[in-house]
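Below is one structure, written out as structure tokens; the observations come after it.
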Amino acid sequence: MKKLLLIICLFCFSVAYAADKKTLVHHFNYEEIGTQFKLYDVSGNVVDSSVSSATVIKDENSATGFGNVLHVKVGDVVSYIEFEIPNGLNGTKASSEFHTITFTILRPDGQPEQFKGTFTLSFGNTVSNKTSSAEIDAPVGVEKTLSYSVNKVSSISKKFRIGFNVKNSEYYIDDIYFWSVNYNYDYTDPLQTARYHADQIGKNLGVCVSPNQLNESSREGQTIYRNFNMVVGENAMKFDATEPRRGQFNYSSGDQIVQFAQKHDMEVRGHTLAWHSQTSQWVHDGNYSKKEMLAILKNHIFNVVGHWKGQITEWDVVNEVMAENQGRGVGQGYQLRGKNSGQESVWYDRCGEEFIDSAFVWAHQADPDAILYINDYNIGHWDNHYESGKTHAIYNLAKRLKEDGIPIHGVGMQMHTSISNLRVAEIEKTVQEFEKIGLKCIITELDIPGNNPSSSGEQSTQATQYAGLADIICRYDNAPSMVVWGIADNKSWLENSEATKPLLFEPNFAAKKSYLKIVDTFEKYAVAANVEPVVKDEINPLPAVVDVYNLMGQKVASQMLLEDIETLPAGLYIVGGKKVYIR
Ligand code: XIL
């Protein structure tokens, strides 16, 4: 039976890696790994006794000419090499601290040309990555670097196994690295996405989109619906898009977004009804009286909100109505944007403040279920920051509207910020202050550009900031959503964004550390809430017929077919002893 032979040599050959994009987490070397290597068959049984240090050949003149390498000879029993990972790394840290494994492989002359099979990587007995059986890109006699994603598993075993299930093969492996950037992030695996975890706790990670990005066969389209559970039109629902000529409405772009969202079970934010910018030229040119302007706005809101009634969860009713440079405190009023403040606003300058109150009332009348927001930029920091005055101004206005009985439900912080500007703790204070007055406070247009984001320090800071904001979203009921203003770094509305890297995905849609940290954050709260999704519960399948209880322990359904459970109203239930969230 024992046809396997493993000879281990010292690895010390090193390839100069272009480390500009990925961060090295660990480079295994012989001393760290130790000298105990085992060979296992596919079912995890030891097929060869451990190879002790006595059998290690420290041969500087190995067949590779590299010097010292790991030399693997597989007989006709499929086998894997096992060793221990140092530095406290284990499978639970995959996808957060490290994501990709690379190694150099060389197949010696004399081996068959074809090298077809599966690659398997596991921690202890838990498989982290298993490829499909395919030709492995390792031609005979050519040194190749292979790269595989390391997926998170629950095993805390330090034992680490890799290998190919190719019988009677021989190869040399060298330079095994773990990297922190997930070039092989598997966006098709729901478990690796933020939306999977966000869905479970009823939170939203959103993104702005244009219809041309929604091609489902493109990586971009898939990145959108697989990773996010909320969308907002980057431009599609603005005034100039929806009412380009007076009384002539065009919903085609917005409809495409709504259809895409419905197909993929995503929520839609509507953006925006009254804004000084991107308002059709005919509104500016028309020289309308205040009465006519208000009639125009009312007609616009009734048509647009009415068209998507029941399909759009929430609207930014008014956008950027606050003047800059407020220098105010709580209870000290506000100055609205308009000619008086040195900034124009077609609505304020012709109607005065009442267009704001009216816009909320009309939006509410047009869709009484829609959640209505006031949205603005340079707001969010509560104290100790030059922007705090504008935060206080918007607070004073939102409070005034609420006290006057206007149907306003929350404040949207655009948060076009930067790594150097953002203070996550001050954002949290603002969320708390709005909570006290019964208003939601969400992040609607987030981007966090850096100065030198190719430095790993800035990448980590950005990731910590994104995760810090996600953490707030998870902890506050009045802060259910966080929306980023774009997907890939090179396609942001910000100038020079390819260099400042403000968003969550690389130009090729590889996930950045910032995205992966958001995944971890949502996952942490989903796990803590012990909420298991109904359909994807593969580990502990629920019975086919179940009793369903509400959180008060009252039975809401007897002997219901599991597949029918999604017909229950949205909310939390207890099913088979587990909390289940139905969206
Ligand atoms: C931006 C879009 O991203 C651009 O494509 C468009 O050319 C201009 O508007 N605040 C807002 C958003 O409320 O609507 C803006 O979106 C960005 C600033």
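Please report, ordered by residue number, the helices (runs of 4 or more DSSP H) entirely within the stretch 225-285 with at least 3 residues that are touching a strand residue (DSSP E or B) at 6+ places or on another chain (Cβ under 6 Å).
Details: elements: 239-242, 252-263, 281-285.
Counting at least 3 such residues, we get 252-263.
Would you say Asn421 is in a loop (DSSP other than H, G, I, E, B) and within 28 Å of the chain's Cα centre (by Cα)?
Working: in a loop (DSSP other than H, G, I, E, B): yes; within 28 Å of the chain's Cα centre (by Cα): yes.
Criteria met by Asn421.
Could you check how many residues of the stretch 204-227 are away from the ligand (no atom under 16 Å from the Cβ) and under 12 Å from the mean Cα position of the chain (by Cα)?
Qualifying residue count for the region: 6.
Please find, among Tyr187, Tyr251, Tyr171, the residue that is in contact with a Lys or Arg (Cβ under 6 Å, 6 or more places away or on another chain), surrounded by fewer than 21 Cβ atoms within 10 Å (Cβ to Cβ) and not small (Gly, Ala, Ser). Step through it out loud before you land on a result.
On the way: Tyr251 fails: in contact with a Lys or Arg (Cβ under 6 Å, 6 or more places away or on another chain); Tyr171 fails: surrounded by fewer than 21 Cβ atoms within 10 Å (Cβ to Cβ).
Unique residue meeting the criteria: Tyr187.
Output the strands (runs of 3 or more DSSP E) that fall wholly within the stretch 509-583 and possess 1 or more residues being modelled with pLDDT under 85 and open to solvent by 70 Å² or more (accessible area, probe 1.4 Å), or say none. So that I can check it myself, show each step before the final result.
On the way: elements: 545-549, 555-561, 571-575, 578-582.
Qualifying strands (runs of 3 or more DSSP E): 545-549, 555-561, 578-582.
Among Asp357, Asp349, which is more than 29 Å from Gly206 (Cβ to Cβ), part of a helix (DSSP H, G or I) and charged (D, E, K, R)? Let's see the steps before the verdict.
Working: Asp357 fails: more than 29 Å from Gly206 (Cβ to Cβ).
Residue meeting the stated conditions: Asp349.
Could you check the stretch 488-505 and list, in sequence order, the residues that are of a type in the set (A, V, I, L, M) and either within 16 Å of the ligand (Cβ to nearest atom) or not in a helix (DSSP H, G or I) (or both)?
Just the residues of the stretch 488-505 that are of a type in the set (A, V, I, L, M), to begin with: 488, 494, 499, 503-504.
Ala488, Leu494, Leu503, Leu504 - these are the residues of the stretch 488-505 that are of a type in the set (A, V, I, L, M) and either within 16 Å of the ligand (Cβ to nearest atom) or not in a helix (DSSP H, G or I) (or both).
Which residues, taken from the stretch 322-363, are among the β-branched types (Val, Ile, Thr) and in contact (Cβ under 8 Å) with a residue 60 or more places away in the chain?
From the stretch 322-363, those among the β-branched types (Val, Ile, Thr) are 330, 346, 356, 361; that's our starting set.
Scanning the stretch 322-363 gives Val330, Val346, Ile356.
Check whether at least one residue in the stretch 265-276 is in contact (Cβ under 8 Å) with a residue 24 or more places away in the chain, within 16 Å of the ligand (Cβ to nearest atom) and small (Gly, Ala, Ser), and report yes or no. So that I can check it myself, show each step before the final result.
Taking the stretch 265-276 and keeping what is in contact (Cβ under 8 Å) with a residue 24 or more places away in the chain, we get 265-276.
From the residues that got through so far, the ones that are within 16 Å of the ligand (Cβ to nearest atom) too are 268-276.
Applying the additional criterion that residues be small (Gly, Ala, Ser) yields 270, 274.
Yes, some residue in the stretch 265-276 is in contact (Cβ under 8 Å) with a residue 24 or more places away in the chain, within 16 Å of the ligand (Cβ to nearest atom) and small (Gly, Ala, Ser).
To keep it simple, each residue is scored yes or no on (1) away from the ligand (no atom under 16 Å from the Cβ); (2) more than 30 Å from Tyr395 (Cβ to Cβ); (3) under 15 Å from the mean Cα position of the chain (by Cα); (4) part of a helix (DSSP H, G or I).
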residue: Ile443; (1), (2), (3), (4): no, no, yes, no
residue: Asn452; (1), (2), (3), (4): yes, yes, no, no
residue: Ala467; (1), (2), (3), (4): yes, no, yes, yes
residue: Asp471; (1), (2), (3), (4): yes, no, yes, yes
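When you look at Gly338, is it within 16 Å of the ligand (Cβ to nearest atom) and crowded, with 19+ Cβ neighbours inside 10 Å, yes or no?
Numbers: within 16 Å of the ligand (Cβ to nearest atom): no; crowded, with 19+ Cβ neighbours inside 10 Å: yes.
No; evaluated as a whole, the condition is false for this residue.
Looking at the stretch 255-288, which of its residues are open to solvent by less than 30 Å² (accessible area, probe 1.4 Å), closer than 18 Å to Ile224 by Cβ and either out of contact with any helix residue (DSSP H, G or I) (no Cβ under 8 Å at 6 or more places or on another chain) or of a type in the set (S, T, N, Q) (or both)?
Across the stretch 255-288, the qualifying residues are Val258, Ala261, Arg269, His271.
What are the residue pairs meeting all of these: first residue in the stretch 241-261, first residue touching a residue at least 40 places away in the same chain (Cβ under 8 Å), second residue outside any helix (DSSP H, G or I) and among the aromatic types (Phe, Trp, Tyr), Cβ atoms under 9 Å, and 6 or more apart or on different chains?
Filtered contacts from the stretch 241-261: Thr242/Phe249; Thr242/Tyr251; Glu243/Phe249; Tyr251/Trp308; Gly254/Trp308; Val258/Tyr251; Val258/Trp308.
Show the residue pairs that are 6+ apart or on different chains and have beta-carbon atoms under 6 Å apart, the first residue being within the stretch 167-193 and farther than 26 Å from Val142 by Cα, the second being at pLDDT 75 or above and open to solvent by 10 Å² or more (accessible area, probe 1.4 Å).
Every condition considered, the pairs that remain are Asp186/Ser149; Asp186/Gln192; Tyr187/Arg226; Pro190/Tyr196; Thr193/Arg226.
Looking at (1) in contact with a Pro (Cβ under 8 Å, 6 or more places away or on another chain); (2) within 23 Å of Gly329 (Cβ to Cβ), which is the one condition that is false for Ile374?
(1)
Every residue, every condition in (1) on the phi < 0 side of the Ramachandran plot; (2) more than 16 Å from the ligand (Cβ to nearest atom), yes or no:
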| site | (1), (2) |
| --- | --- |
| Met482 | yes, no |
| Gly486 | no, no |
| Pro507 | yes, yes |
| Lys513 | yes, yes |
| Leu516 | yes, yes |
| Val519 | yes, yes |
| Lys524 | yes, yes |
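Name the residue, out of Val153, Val166, Val207, that is buried (at least 16 other Cβ atoms within 10 Å of the Cβ), at pLDDT 85 or above and farther than 30 Å from Pro480 by Cα. Full working, then the answer.
On the way: Val153 fails: farther than 30 Å from Pro480 by Cα; Val207 fails: farther than 30 Å from Pro480 by Cα.
Result of the check over Val153, Val166, Val207: Val166.
Check the stretch 312-320 and report whether any residue there is assigned to a helix (DSSP H, G or I) and within 12 Å of the ligand (Cβ to nearest atom).
no
The values are calculated or read from the model by the stated rules, or taken from the named source; none is laboratory data. Keep in mind the model is a prediction, meaning the values are calculated, not measured. For neighbour counting, all protein chains shown are included, and Cβ atoms are generated from backbone atoms with ideal geometry for every residue, glycine included. Accessible surface areas use protein heavy atoms only, side chains included; no ligands, DNA or RNA. Shrake-Rupley method; radii C 1.70, N 1.55, O 1.52, S 1.80 Å.
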